[in-house]
Amino acid sequence: MSALFAWPDGVLDRRRVTRCALARICGACEQPLGRPIVFLGTSREQHRNEFHSPPLHERCAGPVRELLGGDCVEVRTAGFEYVRPGREDADPLPRFVPNSVLA
Ligand SMILES: [Zn+2]
């Protein structure tokens, strides 16, 4: 398995996550995103509709799912917003908000 761009050494790298957001590239293969865009996360992240892991191609989600473990949920969307936390924010990490979730 080739290395996952945003998870060098198997741990999410925050600078690379930011790069994925700003350059709109895949968190696994580092290539430009198309549609749909896939986010993997916890059911809690799904309920908030805020994901900490970077966007992925559908075809790249498999290896990331393996890394994150079997209980992660998958959301497909046509687009997303990148939200940086405010000073008073309870969640200090930037996150991705899918804005047109696909069935
Ligand atoms: Zn990819």
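Explain nothing, just compute: Karplus ³J(HN,Hα) = 6.51 cos²θ - 1.76 cosθ + 1.60, θ = phi - 60°, for every residue of the range 10-16 in order, whole Hz, x for Gly and Pro.
3J(HN,Hα) across the range 10-16, in whole Hz: x, 10, 4, 9, 5, 5, 6.
Please work out the Cα center distance from the range 5-32 to the range 45-87, rounded to the nearest Å.
Centre-to-centre (Cα) distance: 12 Å.
Loop only per DSSP, at most 13 neighbouring Cβ atoms within 10 Å: give me the trypsin sites (Lys or Arg not before Pro) in the range 52-103, ordered by residue number.
Arg87
Let's test the formula: R0 of 41 Å, r as the Cβ-Cβ distance of Ser43 and Ala23. What FRET efficiency results, to the nearest 0.05?
My answer for the efficiency is 0.90.
Looking at the range 53-103, which GluC sites (Glu not before Pro) are DSSP coil and have at most 16 other C-beta atoms within 10 Å of their C-beta? Working shown, then result.
Numbers: sites: Glu58, Glu66, Glu74, Glu81, Glu88; in loops: Glu88.
Here the sparse-neighbourhood loop sites are Glu88.
Taken together, the values in this text are just the output of simple stated rules run on the coordinates, not laboratory data. Since the model is a prediction, treat every value here as computed from it, not as a measurement. Don't worry about glycine lacking a Cβ; one is built from the backbone with ideal geometry, like all the others, and counts go over all protein chains shown.
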